[in-house]
Amino acid sequence: MSDLASYTQIGLEPNADTIRQQFAAAHGWENQYRLIIQLGKLLPVLPGEWQQEEFRLKGCESQAWLKGEQSEDGCWHFACDSDARIVRGLIVIVLAALNHQSSAAIQAFDMEDYFSELGLEKHLSPSRGNGLRAIVLAIREQAV
C-alpha cells in the first residue's frame, strides 16, 4: 500500500463545509473564480510515476490523473492532478467532499446539489462541467 492516506489533507481540511463557507464569502463569479484558482494551489503535484495512462481520467478536456486506494479502516484516499489551473481548483472542490471517506459516504454525497450550491454549473462551460462530472464518476467507480 502506498501513502495516499497522508498524501493530502484535502477532504479533512478543507472539507465540503469549508468550501461552502469560502464560496459564500466570495461574492460574485470573479471572486469565486479567483477562489477556485487559489484552491488549486492546495493540490500537491502528482508524482511523475502516477501521471501515466492507467491513471488518466477520460472525459476531461485537459490532462488529468486520478489514483485511489482504500485503507484498512475502509476509507478511500485519492491523489488527483491536472495540467490546467482551473481544473486543479475544481479537483480540490471534489476532493473536499469525497476524499478520506467511506464508499457509502462517497456514493451518497449529493454532488449535483453541492455544485449547484456553489454556483459552479451556471458558470462553467459545458466541457468543464462534463470534466467535473468525469472526476466524480471516476472516484465513485473506484469506491465501490
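Just a few scattered comments:
- Any hit, the stretch 82-95, residues being in contact (Cβ under 8 Å) with a residue 60 or more places away in the chain, at negative phi and small (Gly, Ala, Ser): no
- Annotation note: of SER6, SER82, SER2, the sole residue that is modelled with pLDDT of 90 or more and of a type in the set (S, T, N, Q) is SER82.
- Count of the stretch 98-119 residues which are within 24 Å of HIS77 (Cβ to Cβ), surrounded by fewer than 20 Cβ atoms within 10 Å (Cβ to Cβ) and in contact (Cβ under 8 Å) with a residue 24 or more places away in the chain: 5
- Among the residues of the stretch 52-62, those that are surrounded by 12 or more Cβ atoms within 10 Å (Cβ to Cβ) and either within 15 Å of the chain's Cα centre (by Cα) or farther than 28 Å from GLN22 by Cβ (or both) comprise PHE55, ARG56, LEU57, GLY59, CYS60, SER62.
The values are calculated or read from the model by the stated rules, or taken from the named source; none is laboratory data. This structure is a prediction, so every number in the text was calculated from the model and none was measured. Methodologically, a virtual Cβ is constructed for each residue, glycine included, from the backbone with ideal geometry; neighbour enumeration extends over all protein chains shown.
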